[in-house]
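Beneath this line is the structure, given in structure tokens, with notes to follow.
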């Protein structure tokens with residue numbers, strides 16, 4: 001017969017119920033030995049794997065259990081808010097706000113009446129200067145349209161220098177850069193043309209003054225004389241008529 005040997009390990013008793021056994025073990029702190037199939041493990045090595053009730057905390061090897069007391073309901077006092085629109089915050093948060101200063105109405109600035117008088121005078125002076133500049137520009141523009149540049153005037157007259165009513169003499173008056181010139185074409189015959197040199201004008205803008213002619217007796221001999229008129233001046237330059245030409249000796253009146 002074959003000799004029978006006892007098993008090397010004690011037979012494992014059948015566990016009655018995991019829930020009842022674990023509950024009993026937790027109450028007596030008597031854990032069974034680890035299974036041979038779980039080498040290196042003990043029931044107390046990983047307590048998180050063992051089920052437990054929320055009312056109890058079992059710590060192996062200490063022989064006591066600690067019951068967690070029920071949590072008390074902490075009533076937090078309602079915190080008074082600085083501003084009605086502030087969001088709710090914890091008691092540990094402290095917000096320091098600088099108080100807003102009351103709005104102060106600024107004092108209205110008032111000017112002395114002399115300020116308005118001076119301003120009105122400045123406006124009047126500027127307006128007068130503007131009007132003077134515009135009127136001067138308009139006058140020069142009209143002279144450009146009528147007399148051109150250089151200023152030129154021309155006309156016909158019978159002065160007794162070989163002319164007649166059918167063939168009058170032609171006269172041209174020029175203001176050439178301030179120099180007054182008068183050109184006479186007796187009876188329309190250009191070969192007998194003569195040039196009379198008048199006075200020279202000085203001053204700013206004198207070269208733009210128009211020159212006109214008239215033929216009136218200025219010396220009382222009954223013959224028409226050559227009268228030179230300068231625009232803007234009340235003086236008349238007279239060249240007397242000697243019957244053939246006009247005397248270059250000018251007379252002013």
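Using a 7 Å offset from the Cα along the Cα-to-Cβ direction at both residue 165 and residue 214, what is the distance between the two label points in nm, to one decimal?
So the label points at residue 165 and residue 214 sit 2.3 nm apart.
Provide the FRET efficiency to the nearest 0.05 for the residue 128-residue 234 pair, computing r from the beta carbons and using R0 = 30 Å.
Plugging the Cβ-Cβ distance into 1/(1 + (r/R0)^6) gives 0.75.
Using 0.36 nm times the number of residues separating residue 109 and residue 95, minus their current alpha carbon distance, what extension gain do you get?
Taking 0.36 nm per residue and subtracting the Cα distance, the gain is 1.0 nm.
In what sequence do 111, 215 fall when counting other Cβ within 10 Å, fewest first?
Taking fewest neighbouring Cβ atoms as first place, the list is 111, 215.
Coordinate-derived values only; no laboratory data. Keep in mind the model is a prediction, meaning the values are calculated, not measured. Glycine gets a Cβ as well: all are built from the backbone with ideal geometry, and neighbour counts include every protein chain shown.
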